[in-house]
Amino acid sequence: MNLNREAQIHYTVAFIGGFLGIFPIVNAAHFFGSAQTVNLIDIIIGFLKCEGYSVLFHAIGVFLYAFAIFLVTFIPKHTKANVKILAMIVDITAAVVMWLFPIPKKLPLTVYLYPTFFAMSFQWCAFKGAYGFTSSTIFSSNNFRQFISSLTEIFFNGDKSFSLKAKFFGITLLSFHFGVTLSWILWHFLGNAGFLFVIIPCAGVTLALVNFGE
């Protein structure tokens, strides 16, 4: 696949990551479900406080996140399935599940993390970057670090060879947060039905992958 085409797909997938990533934030007291750090910490805290149900709910989340990683690692070695296309199917399925979640907080808040845990983990492992750069499409910490370090190299260390890197990580950050912005606007006016909009970019990525033989 052409490197520019690969990068364009990466930017679109980063948009999808931001778009779906805010579901537990707006539905479950500002929890973030695209990473496992807080969830794993909550397991330790729950264990120390002898809160069995809390540990159980968080452990289910760990399983979902880990199971997605297992699938993306296992499937290419044992089938001819395209895990990138599968990731788009998983993201669309997650959006439908998000739409069906009850608005009243009748479920334990951790349960609202489950669709994001599985879908974003699957997406993260399927789309690993472009131009030879490793980049997450589901959270921004490392992308932000790479962007700032690249700008430092260009403007303060005088090394223009980092221009492509700065552009790549900068556009990835913009794409992710544009996804966050549009998702919040749609959620604000349409509720969880707004997450169904992700079907459009997911379909676009799938068509691109098929047409360009990825």
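Is it the case that some residue within the range 152-159 is more than 30 Å from S54 (Cβ to Cβ) and charged (D, E, K, R)? Talk me through it step by step, then tell me what you get.
Residues of the range 152-159 that are more than 30 Å from S54 (Cβ to Cβ), as a first pass: 152-159.
Next, only the ones that are charged (D, E, K, R) stay: 153, 159.
The answer is yes; a qualifying residue exists.
Identify the residue in the range 104-132 that is of a type in the set (F, W, Y) and assigned to a helix (DSSP H, G or I) and, among all such residues, is farthest from the chain's Cα centre (by Cα).
Applying the first criterion (of a type in the set (F, W, Y)) to the range 104-132 yields 112, 114, 117-118, 122, 124, 127, 131.
Next, from what is left, pick out any that are assigned to a helix (DSSP H, G or I): 112, 114, 117-118, 122, 124.
Values: Y112: 15, Y114: 13, F117: 9, F118: 10, F122: 8, W124: 6 Å.
Across the range 104-132, the extreme among qualifying residues is Y112.
When you scan the range 188-195, do you find a residue that is in contact with a Gly (Cβ under 6 Å, 6 or more places away or on another chain) and either modelled with pLDDT of 95 or more or more than 19 Å from F19 (Cα to Cα) (or both), even just one? I'd like the intermediate steps shown before the answer.
Quick first cut of the range 188-195, residues in contact with a Gly (Cβ under 6 Å, 6 or more places away or on another chain) only: none.
For the range 188-195, residues in contact with a Gly (Cβ under 6 Å, 6 or more places away or on another chain) and either modelled with pLDDT of 95 or more or more than 19 Å from F19 (Cα to Cα) (or both): absent.
Within the range 133-164, restricting attention to residues that are open to solvent by less than 80 Å² (accessible area, probe 1.4 Å) and in a loop (DSSP other than H, G, I, E, B), which residue is farthest from G33 (Cα to Cα)?
G158
I'm checking my understanding of the structure. Among residues of the range 165-182 that are open to solvent by 80 Å² or more (accessible area, probe 1.4 Å) and of a type outside the set (D, E, K, R), which one is nearest to I148 (Cα to Cα)? Please lay out each step first, then the result.
Applying the first criterion (open to solvent by 80 Å² or more (accessible area, probe 1.4 Å)) to the range 165-182 yields 167, 174, 177-178.
Cutting the leftovers down to of a type outside the set (D, E, K, R) gives us 174, 177-178.
Values: L174: 14, H177: 16, F178: 19 Å.
Among residues in the range 165-182 that are open to solvent by 80 Å² or more (accessible area, probe 1.4 Å) and of a type outside the set (D, E, K, R), the one nearest to I148 (Cα to Cα) is L174.
Within the range 183-198, can you find the residues that are open to solvent by 10 Å² or more (accessible area, probe 1.4 Å) and either without any contact (Cβ under 8 Å) to a residue 24 or more places away in the chain or within 15 Å of the chain's Cα centre (by Cα) (or both)?
Kept after step one, since they are open to solvent by 10 Å² or more (accessible area, probe 1.4 Å), are these residues of the range 183-198: 184-191, 193, 196-197.
Scanning the range 183-198 gives I185, L186, H188, F189, L190.
Tell me which residues, restricted to the range 15-37, are farther than 14 Å from N192 by Cβ, of a type in the set (A, V, I, L, M) and open to solvent by less than 10 Å² (accessible area, probe 1.4 Å).
I16
The values are calculated or read from the model by the stated rules, or taken from the named source; none is laboratory data. Quick caveat, the model's predicted, so the values are computed rather than measured. Note: ideal-geometry Cβ built from the backbone for every residue, glycine included; neighbour counts use all protein chains shown. Only protein heavy atoms, including side chains, enter the accessible area calculation; ligands, DNA and RNA are left aside. Shrake-Rupley method; radii C 1.70, N 1.55, O 1.52, S 1.80 Å.
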